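Structure provided below as structure tokens; questions to follow.
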Amino acid sequence: MVRGWRSFVLFSVLAFGYAFLYVPIFSLIVYSFNESRLVTVWAGFSTKWYGALLENDQILSAAWLSLKIAVMNATGAVILGTLAGLVLARFGRFRARTAFTTLITAPLVMPEVITGLSLLMLFVAMQNLIGWPEARGMTTITIAHLTFSMAYVTVVIQSRLSQMDVSIEEAALDLGARPAKVFFVITVPVIAPALVAGWLLAFTLSLDDLVIASFVSGPGASTLPMVVYSSVRLGVSPQINALATIIVCIVTVAIVVAGFIMHRQEKQRLNA
């Protein structure tokens, strides 16, 4: 009796938690097909807001800018995060390890307001000293996103490298393979699921960022979260619901594809 009651309570809490997270998302998707301009009043099924969204140049240009920044940030974060994770997982103890680890993990706990303000001051000082960057825009936002997303990727890569069997790499080195070839032929395929996970994580963090981008962006360089936030402050538009629905669909497809790839690679690794 006690066990059954405990299971019922746990199931209820779990169901409430999932409902709290996903019911608003489903509601947003449903009301993106609403005929009415009021997002809380259902007036019939319609897809006109998707057509209006495709004609909104401000949102489309902001979305394109955010996608470009997210792709560049994710790619750069994976490269730098892999190098940093390799140093932490393979180089053991060295003189500056504590300082290096601190610099890597600091962006994980640093408030975004502090990070954004410090980067803004850095870019302004560099512009006054060397004339670069000439203006704040896509370049400064990408650099700013790299500073914190790289830390997340490093943690993911380091964790995977720490669990990897080092004897495989040592055997390849004993057989005469060069360190670079061992890394690209053996290490990279083994940690490929972690690389994909790190890339997706960095991509999502960049696409979702609002605070830091608000500090380091300039005129004509508004990301999608900035445009959505500024429009929501004046009232939620059905176009925002349509935009959110498209993003949810894209993210869902990306997660499913990435999960399938990672599952297949893990299955191949276990069968090898």
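Which one of these is modelled with pLDDT under 90 and touching a Leu at 6+ places or on another chain (Cβ under 9 Å): 39, 9, 2?
Sole residue among the options that is modelled with pLDDT under 90 and touching a Leu at 6+ places or on another chain (Cβ under 9 Å): 39.
To keep it simple, each residue is scored yes or no on (1) closer than 29 Å to residue 144 by Cβ; (2) in contact with a strand residue (DSSP E or B) (Cβ under 8 Å, 6 or more places away or on another chain); (3) assigned to a strand (DSSP E or B); (4) not β-branched (Val, Ile, Thr).
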residue: 6; (1), (2), (3), (4): no, no, no, yes
residue: 18; (1), (2), (3), (4): no, no, no, yes
residue: 29; (1), (2), (3), (4): no, no, no, no
residue: 49; (1), (2), (3), (4): no, yes, no, yes
residue: 60; (1), (2), (3), (4): yes, no, no, yes
residue: 64; (1), (2), (3), (4): yes, no, no, yes
residue: 72; (1), (2), (3), (4): yes, no, no, yes
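Of the residues 71, 13, 23, only one is more than 26 Å from the chain's Cα centre (by Cα) and aliphatic (A, V, I, L, M); which?
Going through 71, 13, 23 in turn, just one is more than 26 Å from the chain's Cα centre (by Cα) and aliphatic (A, V, I, L, M): 13.
Quick check, is residue 71 more than 21 Å from residue 163 (Cβ to Cβ) and either without any contact (Cβ under 8 Å) to a residue 40 or more places away in the chain or not hydrophobic (A, V, I, L, M, F, W, C) (or both)?
Answer is no for this residue.
What number of residues within the range 218-260 are over 25 Å from residue 201 (Cβ atoms) and in a loop (DSSP other than H, G, I, E, B)?
Qualifying residue count for the region: 8.
I'd like the full set of residues that are within 25 Å of residue 157 (Cβ to Cβ) and without any contact (Cβ under 8 Å) to a residue 12 or more places away in the chain, limited to the range 107-130.
109, 111
Suppose the filter is among the charged types (D, E, K, R) and closer than 28 Å to residue 32 by Cα; does residue 233 pass it?
Details: among the charged types (D, E, K, R): yes; closer than 28 Å to residue 32 by Cα: yes.
Considered against the rule, which asks whether it is among the charged types (D, E, K, R) and closer than 28 Å to residue 32 by Cα, residue 233 comes out as yes.
Inside the range 117-134, can you point out the residues that are part of a loop (DSSP other than H, G, I, E, B) and either in contact with a Leu (Cβ under 7 Å, 6 or more places away or on another chain) or surrounded by 13 or more Cβ atoms within 10 Å (Cβ to Cβ) (or both)?
133
Of everything in the range 37-62 that's surrounded by 14 or more Cβ atoms within 10 Å (Cβ to Cβ) and of a type in the set (Ser, Thr, Tyr), which residue is farthest from residue 222 (Cα to Cα)?
Within the range 37-62, the match that is farthest from residue 222 (Cα to Cα) is 46.
Return only the number of the condition from (1) assigned to a loop (DSSP other than H, G, I, E, B); (2) closer than 30 Å to residue 146 by Cβ; (3) of a type in the set (Val, Ile, Thr) that residue 40 does not satisfy.
(2)
It is to be established whether one or more residues within the range 163-182 are in contact with a Phe, Trp or Tyr (Cβ under 9 Å, 6 or more places away or on another chain) and within 22 Å of residue 225 (Cα to Cα).
no
How many residues, within the range 235-257, are in contact with a Leu (Cβ under 6 Å, 6 or more places away or on another chain) and small (Gly, Ala, Ser)?
Counting residues in the range 235-257 that are in contact with a Leu (Cβ under 6 Å, 6 or more places away or on another chain) and small (Gly, Ala, Ser) gives 2.
Restricting the first residue to the range 94-106 and requiring it to be under 24 Å from residue 118 (Cα atoms), which pairs with a second residue that is surrounded by 12 or more Cβ atoms within 10 Å (Cβ to Cβ) meet a Cβ separation below 6 Å and a spacing of at least six or different chains?
Hits for this filter: 104/84; 104/151; 104/154.
If you go through the range 84-116, how many residues are within 23 Å of the chain's Cα centre (by Cα) and loosely packed, with under 13 Cβ neighbours inside 10 Å?
7
The values are calculated or read from the model by the stated rules, or taken from the named source; none is laboratory data. Everything numeric here is computed off the predicted structure, so don't read it as measured data. Here the Cβ is made from the backbone with ideal geometry for all residues, glycine too, and neighbour counts use every protein chain on show.
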